[in-house]
Amino acid sequence: MKYRLLAPGPTPVPDSVLREMSQTLIHHRTDHFERIFSECKDGLKWLLETRTAPLVLSCSGTGAFEAGIENFLSQGDTILCITGGKFAENWLKMSACFGLNAVEILVPWGKAVTESQVKAALASYPEAKALVLVASETSTGVRHPFEAIGALTKNHPDCLFVVDGVTAVGVFDIAPERHNIDVLVFGSQKGLMLPPGLGFIWASEKAWARARESNLPKFYFDLAKEKKAQTANQTGHTPAVSLIMGLKEALLIMKSEGREAIFSRHLRLAKAARAAASALGLELFAESPTEAITSIYSPKSLEPDAIYQGLMKFANFTIAGGQEQMAGKIFRIGHMGYVDDIDLIGVFGALEIVLKKLGYEKFSMGASIAAASPILKEGFR
Ligand SMILES: *Cc1c(COP(=O)(O)O)cnc(C)c1O
């Protein structure tokens with residue numbers, strides 16, 4: 001059966017990217033590699049609308065986040081972590097693990113942090129050296145108001161605004177310079193249409209100034225060294241050459257589609273998915289949903305993983321269930337990266353058949369497609 005990957009990551013990889021990565025391996029200390037790397041840097045600057053390129057690291061998104069902690073903070077620093085999902089909780093745990101004074105700004109799963117909550121936290125902890133936010137929390141499907149929070153931290157010269165943009169970059173408009181972000185982390189296997197294995201980190205002048213004072217141990221992720229190498233189109237250590245060749249192609253594809261077109265496609269698919277789920281009588285989990293995925297409550301009458309397994313058995317679709325406190329309660333459909341309108345029609349068409357097969361009868365066949373189609377039609381020019 002045709003493999004259909006609509007997970008919240010990894011996401012499908014276009015054929016031309018796969019072909020690029022399967023080329024004869026080249027050595028990285030060469031002009032050839034440097035030309036490819038330089039093109040990648042230009043593409044990334046275009047995507048983020050920044051004057052400087054993010055650093056490209058050979059690790060997953062978590063590794064890039066760890067690099068951020070090691071390089072921009074110091075022992076005992078107070079760090080405010082906005083939670084509300086699994087990834088945000090990871091950053092809280094990681095901060096504590098590195099000897100930081102990690103303070104949680106608690107947000108219930110499924111909800112977005114409010115500006116007043118952040119304002120209060122910044123007022124209570126004037127010594128805070130960083131505020132961490134996951135722009136698009138993939139475990140819950142929530143989009144947090146990173147734009148408004150960047151406008152707040154801008155007025156706190158000692159506090160870096162650190163953003164996990166793993167399912168934000170390449171999905172919706174997130175431009176660190178414009179949005180007052182100091183450290184932005186992302187990875188290859190979500191919005192960038194690549195396999196897992198590359199981590200990215202962009203930092204502001206304010207963050208690089210802080211890096212000079214940082215006293216946490218670092219070696220592989222010594223970003224000052226890495227920055228020096230990457231400025232010269234090289235890398236500090238052996239890079240993931242094949243993935244970087246794929247990155248060059250993925251960025252070309254993105255450029256030919258255009259930033260605005262990419263963002264409006266994701267918004268259209270997300271709106272269509274929400275309308276489709278509601279038309280089936282299903283309840284959406286996220287109060288303020290991201291464009292990257294849609295999180296939906298499973299009907300209580302069904303076994304916890306029935307939908308996930310049913311979709312896999314019926315049409316070889318891979319979606320995802322819930323994580324931790326939401327395990328067995330929600331399911332999540334990814335629609336980021338190399339995903340289009342037909343993928344969305346396909347997954348909801350299959351979901352209808354699976355739901356009926358499982359005995360869930362709260363809709364008539366075709367209802368989700370009827371709700372999604374007018375939204376998808378808007379994208380047909
Ligand atoms: C996928 C993801 C990560 C990073 O996970 P890795 O498995 O380390 O790449 C971090 N944050 C969010 C929001 C994610 O979706």
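Residue under question is T140, and the condition is that it be under 17 Å from F285 (Cα atoms) and touching a helix residue (DSSP H, G or I) at 6+ places or on another chain (Cβ under 8 Å); does it hold?
Details: under 17 Å from F285 (Cα atoms): yes; touching a helix residue (DSSP H, G or I) at 6+ places or on another chain (Cβ under 8 Å): yes.
Criteria met by T140.
Pairs please, first residue from the range 358-378 and outside the structural domain of I342 (by TED's automatic domain parsing) and under 14 Å from G281 (Cβ atoms), second anywhere and not in a helix (DSSP H, G or I) and not aliphatic (A, V, I, L, M), Cβ atoms under 8 Å, 6+ apart in sequence or on different chains.
none
Kindly provide the set of residues from the range 320-366 that are crowded, with 23+ Cβ neighbours inside 10 Å and in a loop (DSSP other than H, G, I, E, B), ordered by number.
Within the range 320-366, G322, H335, M336, G337 qualify.
Answer yes or no: is there a residue in the range 183-194 that is within 21 Å of E127 (Cβ to Cβ), assigned by TED's automatic domain parsing to the domain that holds E249 and at pLDDT 95 or above.
Narrowing the range 183-194 to residues within 21 Å of E127 (Cβ to Cβ): 183.
If we keep only those that are assigned by TED's automatic domain parsing to the domain that holds E249 too, we end up with 183.
Applying the additional criterion that residues be at pLDDT 95 or above yields 183.
Yes, because at least one residue in the range 183-194 is within 21 Å of E127 (Cβ to Cβ), assigned by TED's automatic domain parsing to the domain that holds E249 and at pLDDT 95 or above.
For the range 138-155, how many residues meet the condition of being in contact with a Phe, Trp or Tyr (Cβ under 9 Å, 6 or more places away or on another chain) and farther than 13 Å from V171 by Cβ? Explain how you work it out, then say what you get.
First pass over the range 138-155, keeping only residues in contact with a Phe, Trp or Tyr (Cβ under 9 Å, 6 or more places away or on another chain): 138-143, 146, 149-150, 152-154.
Okay, now just the ones that are also farther than 13 Å from V171 by Cβ, so 139-140, 142, 149-150, 152-154.
Going through the range 138-155 one residue at a time, the tally reaches 8.
In the range 50-68, what residues are out of contact with any strand residue (DSSP E or B) (no Cβ under 8 Å at 6 or more places or on another chain) and within 16 Å of the ligand (Cβ to nearest atom)? Lay out the reasoning, then the answer.
From the range 50-68, those out of contact with any strand residue (DSSP E or B) (no Cβ under 8 Å at 6 or more places or on another chain) are 51, 66; that's our starting set.
Within the range 50-68, E66 is the sole residue that qualifies.
Is there a residue in the range 57-68 that is over 19 Å from L194 (Cα atoms) and part of a loop (DSSP other than H, G, I, E, B)?
no
Return the residue satisfying two criteria in turn: it lies in the range 287-307 and is buried (at least 20 other Cβ atoms within 10 Å of the Cβ) and away from the ligand (no atom under 16 Å from the Cβ), and of such residues it is nearest to G110 (Cα to Cα). Explain how you work it out, then say what you get.
Filtering the range 287-307 down to residues buried (at least 20 other Cβ atoms within 10 Å of the Cβ) leaves 289-296, 298, 306-307.
Checking which are away from the ligand (no atom under 16 Å from the Cβ) leaves us with 296, 298, 306-307.
Values: I296: 11, S298: 15, A306: 22, I307: 20 Å.
If we take residues in the range 287-307 being buried (at least 20 other Cβ atoms within 10 Å of the Cβ) and away from the ligand (no atom under 16 Å from the Cβ), then I296 is nearest to G110 (Cα to Cα).
Give me the residue from the range 153-190 that is among the small types (G, A, S) and within 10 Å of the ligand (Cβ to nearest atom) and, out of that set, farthest from E115 (Cα to Cα). Walk me through how you get there before you give the answer.
Just the residues of the range 153-190 that are among the small types (G, A, S), to begin with: 165, 168, 170, 175, 187-188.
Now restrict to residues that are within 10 Å of the ligand (Cβ to nearest atom): 165, 168, 187-188.
Details: G165: 19, A168: 19, G187: 27, S188: 30 Å.
Restricting to residues being among the small types (G, A, S) and within 10 Å of the ligand (Cβ to nearest atom), the top hit is S188.
Give just the number: which of (1) away from the ligand (no atom under 14 Å from the Cβ); (2) in a loop (DSSP other than H, G, I, E, B); (3) modelled with pLDDT of 95 or more does A7 not satisfy?
(1)
Write out, first by first residue and then by second, each pair whose Cβ atoms fall under 9 Å of each other, whose residues are 6+ apart or on separate chains, and whose first residue, in the range 147-168, is under 21 Å from A209 (Cβ atoms) while the second is of a type in the set (S, T, Y) and in a helix (DSSP H, G or I).
C159/T153; L160/T153; F161/T153
Let me confirm something: among A211, A229, A273, which residue is free of Cβ contacts under 8 Å to residues at least 12 places away in the same chain and more than 16 Å from the ligand (Cβ to nearest atom)?
On the way: A211 fails: free of Cβ contacts under 8 Å to residues at least 12 places away in the same chain; A273 fails: free of Cβ contacts under 8 Å to residues at least 12 places away in the same chain.
After ruling out the rest, the residue left standing is A229.
Can you run down the residue pairs with Cβ atoms below 6 Å, 6 or more apart or on separate chains, where the first is in the range 108-122 and over 17 Å from T138 (Cβ atoms) and assigned by TED's automatic domain parsing to the domain that holds N155 and the partner is at pLDDT 95 or above and in a helix (DSSP H, G or I)?
Matching pairs, first to second residue: E115/A148; V118/I149; V118/L152.
When you check P8 against the structure, is it in contact with a Phe, Trp or Tyr (Cβ under 6 Å, 6 or more places away or on another chain) and not aliphatic (A, V, I, L, M), yes or no?
Considered against the rule, which asks whether it is in contact with a Phe, Trp or Tyr (Cβ under 6 Å, 6 or more places away or on another chain) and not aliphatic (A, V, I, L, M), P8 comes out as no.
Determine, yes or no, whether F72 is in contact with a helix residue (DSSP H, G or I) (Cβ under 6 Å, 6 or more places away or on another chain), modelled with pLDDT of 95 or more and buried (at least 22 other Cβ atoms within 10 Å of the Cβ). Before you say what the answer is, go through the steps one by one.
Numbers: in contact with a helix residue (DSSP H, G or I) (Cβ under 6 Å, 6 or more places away or on another chain): yes; modelled with pLDDT of 95 or more: yes; buried (at least 22 other Cβ atoms within 10 Å of the Cβ): yes.
Yes.
Consider A64 against the criteria (1) more than 30 Å from I296 (Cβ to Cβ); (2) crowded, with 22+ Cβ neighbours inside 10 Å: it satisfies all of them except one. Which criterion is unmet?
Going through the list (1) more than 30 Å from I296 (Cβ to Cβ); (2) crowded, with 22+ Cβ neighbours inside 10 Å, A64 breaks only (1).
Can you pull out the strands (runs of 3 or more DSSP E) entirely within the range 100-201 that have at least 2 residues that are surrounded by 24 or more Cβ atoms within 10 Å (Cβ to Cβ) and of a type in the set (D, E, K, R)?
Details: elements: 101-105, 130-134, 160-164, 183-187.
Output list is empty.
So that you can scan it fast, the table gives a plain yes or no per residue for (1) part of a loop (DSSP other than H, G, I, E, B); (2) in the same structural domain as K86 (by TED's automatic domain parsing); (3) closer than 16 Å to D173 by Cβ:
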site	(1), (2), (3)
A250	no, yes, no
F263	no, no, yes
R268	no, no, yes
R274	no, no, no
A277	no, no, no
P299	yes, no, no
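In the range 191-208, how many are out of contact with any helix residue (DSSP H, G or I) (no Cβ under 9 Å at 6 or more places or on another chain) and within 14 Å of the ligand (Cβ to nearest atom)?
Residues of the range 191-208 out of contact with any helix residue (DSSP H, G or I) (no Cβ under 9 Å at 6 or more places or on another chain): 204-206.
The next check asks that each one be within 14 Å of the ligand (Cβ to nearest atom); those that pass are none.
Residues in the range 191-208 being out of contact with any helix residue (DSSP H, G or I) (no Cβ under 9 Å at 6 or more places or on another chain) and within 14 Å of the ligand (Cβ to nearest atom): 0 in total.
The values are calculated or read from the model by the stated rules, or taken from the named source; none is laboratory data. Just so we're clear, the structure is a prediction, and the values are computed from it rather than from any experiment. Positions of Cβ are generated from backbone atoms using ideal geometry, with glycine treated the same way; all protein chains shown enter the neighbour counts.
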